[in-house]
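Here's the structure, in structure tokens; my notes come after.
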Amino acid sequence: MIKGLKDFLYKLFLFNLFRGRKDLKLGLYGPPNSGKTSLANRICQDWLGEEMGSVSKVPHETRHIQEKEKINVKSGNKAITFNLVDTPGIATKIDYEDFIKAGLKKKEAQERAKEATKGVIESIRWLDSMDAVIVVLDSTQDPYSQVNITIIGNLAARNIPVLVAANKTDLKKADVKKIEAAFPQYPVIGISAEYGDSVEEFYDELIKLVR
């Protein structure tokens with residue numbers, strides 16, 4: 001009787017384990033213009049041969065959740081399969097005047113601000129369905145910002161595995177060590193999503209994160 005119970009529990013464990021792996025969700029989070037969609041496009045181009053979405057210098061270009069399913073990433077003899085979720089940029093303040101400064105007309109700027117606000121709410125809501133998260137930060141910017149602390153705080157509260165991608169290392173002001181010092185509790189990998197610098201090392205770290 002006890003042996004039968006043990007066998008049942010073991011089979012149940014394996015069922016839940018592989019069921020969880022089947023629909024693994026990997027989220028891309030970060031402040032606006034950190035390069036989340038650029039990294040999503042890099043991953044999707046490398047492993048699916050297609051892009052995730054459009055990239056723009058205007059803040060909050062991604063205003064809705066975007067998802068690509070069944071991405072199979074390989075590195076050496078290891079591989080993982082996941083659904084990649086690109087989220088709208090997290091911001092603690094959204095002002096339509098910032099969009100006017102970026103070249104949008106007032107009415108369009110106001111509408112963009114509303115959409116961006118909804119996008120932030122949607123991004124936070126989706127955290128509860130994430131199995132792991134890549135936090136994409138601009139390595140030329142100060143990592144000790146309210147936005148970054150808000151993002152990391154939400155992830156820590158949910159105990160979600162995190163990999164920090166210190167993006168834009170192709171730029172002169174990039175400082176990966178500063179990001180490492182800001183978030184020592186998480187692995188940090190310096191990359192250039194636009195040019196593919198250190199992308200192989202990134203995939204290695206990604207596999208370690210979710211295996």
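What follows is calculated from the coordinates using simple rules that are stated; it is not laboratory data. Keep in mind it's a predicted model, so treat the numbers as computed, not measured. Positions of Cβ are backbone-derived with ideal geometry, glycine not excepted, and every protein chain shown enters the neighbour counts.
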Of LEU24, THR92, LEU39, farthest towards positive along the dipole that unit charges on Lys, Arg, Asp, Glu beta carbons give the range 23-210: THR92
Taking LYS114, LYS173, LYS36 and counting other C-beta atoms within 10 Å, the order from fewest to most: LYS173, LYS114, LYS36
Residue order, fewest to most surrounding Cβ atoms within 10 angstrom, among MET130, MET52: MET130, MET52
Note, ³J(HN,Hα) from phi for the range 153-164, Karplus 6.51, -1.76, 1.60, rounded to Hz, x at Gly and Pro: x, 5, 5, 5, 5, 9, 6, 8, x, 10, 10, 9
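Highest mean first, how do 151-159, 192-200 rank when packing is the count of other Cβ atoms within 10 Å averaged over residues?
Numbers: 151-159: 14.6, 192-200: 16.9.
Output ranking for 151-159, 192-200: 192-200, 151-159.
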Residues of the range 122-159 with amide N under 11 Å of a point placed 7 Å along Cα→Cβ from LYS25: 123-132
Phi to ³J(HN,Hα) by Karplus 6.51 cos²θ - 1.76 cosθ + 1.60 over the range 166-172, Hz, x for Gly, Pro: 7, 8, 6, 6, 6, 8, 4
Qualifying aspartates and glutamates (Cα of each under 14 Å from Cα of LYS105; at least 8 residues distant if same chain): ASP95, GLU97
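Using 0.36 nm per residue, how much length does the chain from LYS106 to VAL210 gain when fully extended, once their Cα-Cα distance is taken away? Show your work: numbers first, answer last.
Values: separation 104, 0.36 × 104 = 37.44 nm, distance 4.37 nm.
Answer, rounded to one decimal: 33.1 nm.
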Computed label-point distance, nm, for sites ASN154 and ILE65 using a 7 Å Cα→Cβ extension: 1.2 nm
Estimated Rh, the range 99-211: Kirkwood, alpha-carbon pairs, angstrom: 15.6 Å
